[in-house]
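Chemist: Pasting in a structure now, in C-alpha cells, and then I'll have a few things to ask.
A short reminder: the numbers here are calculations on the coordinates, not readings from a lab. These numbers were taken from a predicted model, which means no experiment stands behind them. Cβ placement follows ideal geometry from the backbone for every residue including glycine, while neighbour counts extend to all protein chains displayed.
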Amino acid sequence: MSRPFRRRGRGESARIQPNLGPDERDVLVSLLSQVHDLLDDGTAGHGAARDVDPLAELVGIDLSPGPVAPPEDPAIARLLPEGHREDPELAGEFRRLTERGLRQRKQEAIRRAVDALEAGPATGGAETALTLDQAQALLVAMTDVRLVLAERLGLRTDEDASRLHAVASGFADEDHPWAGLALLYDVLTWWQESLVEAVAG
C-alpha cells in the first residue's frame, strides 16, 4: 500500500507529494472546510460595522468588557482550550485576549492547506507538490480536524481509543453508530502520521 504522503528532495527546496486519489482529496478538503466553518464566530470582516478598534482587530483581541465565556460547542472548546483550569475569571480574561486571534490563525492554516490541495489533479491542475510551509499548515489543520472528530466520538481515554480502533478495523459490530466516523478518524490518523514522517524527512 502506497504512503499517503512522500517527501521529494532535501533541505528547504524539498516538496511533499500527496498520494491521495480525487475522492480522498475531496474528503480531506471537506473535513478541513467544515472545521474552518466551525471556527467562524461571525466577527470576521465586520470590524467597521461593529466599530471595533482596528489595532484590536489586527491582533485578535476582544475589547468587550469582562471575561469571555468558553464556546458552547464542546468540539470548538477543545480547539480553543481554557488558559487556566482552576480560575474561571482568569481563564475568561485570557480567552478575551487570545481567542479571536487563535481562531483566525487556525482558519488561515486551513485555508492554506485547502488551497494547496485544491491546486492538484482533482481540479484539473498539475500534480500537487506541497512546500514544507504548506505541509506544516496541513499538519496543523489535520490536527484540528482530528480533535473535532475525537470530541464527536467521545474519545477521552486510551480505552476509548482502543474501542474506536476495534470498530474502525471491523472487529466490532458494523452497525455500531460510530462505524463510519470511526473509520474516517482512523484513516485521517494514518494520513497525518504519513505526513509527519514526510515532513520530518
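Chemist: At 0.36 nm per residue, minus the direct Cα-Cα distance, what do GLN34 and ARG156 gain on full extension? Give it in nm, one decimal, please.
Modeler: Details: separation 122, 0.36 × 122 = 43.92 nm, distance 2.22 nm.
That pair, GLN34 and ARG156, stretches by 41.7 nm at full extension.
Chemist: OK, next. All other residues with a Cβ under 12 Å from the Cβ of LEU181 taken together, and with Lys, Arg as +1 and Asp, Glu as -1, what is their net charge?
Modeler: 0
Chemist: OK, next. What FRET efficiency do you get for GLU193 and ASP73 if R0 is 30 Å and r is their Cβ-Cβ distance, rounded to the nearest 0.05? Intermediate values should be presented prior to the final figure.
Modeler: On the way: r = 27 Å, r/R0 = 0.90.
Using R0 = 30 Å, I get an efficiency of 0.65.
Chemist: Another one. So if R0 is 41 Å, what FRET efficiency would HIS84 and SER2 give, r being the distance between their Cβ atoms, rounded to the nearest 0.05?
Modeler: 0.35
Chemist: What distance in nm separates the two pseudo spin-label positions at VAL140 and LEU102, each 7 Å out from Cα along the beta-carbon direction?
Modeler: With each label point 7 Å from Cα toward Cβ, the separation is 1.4 nm.
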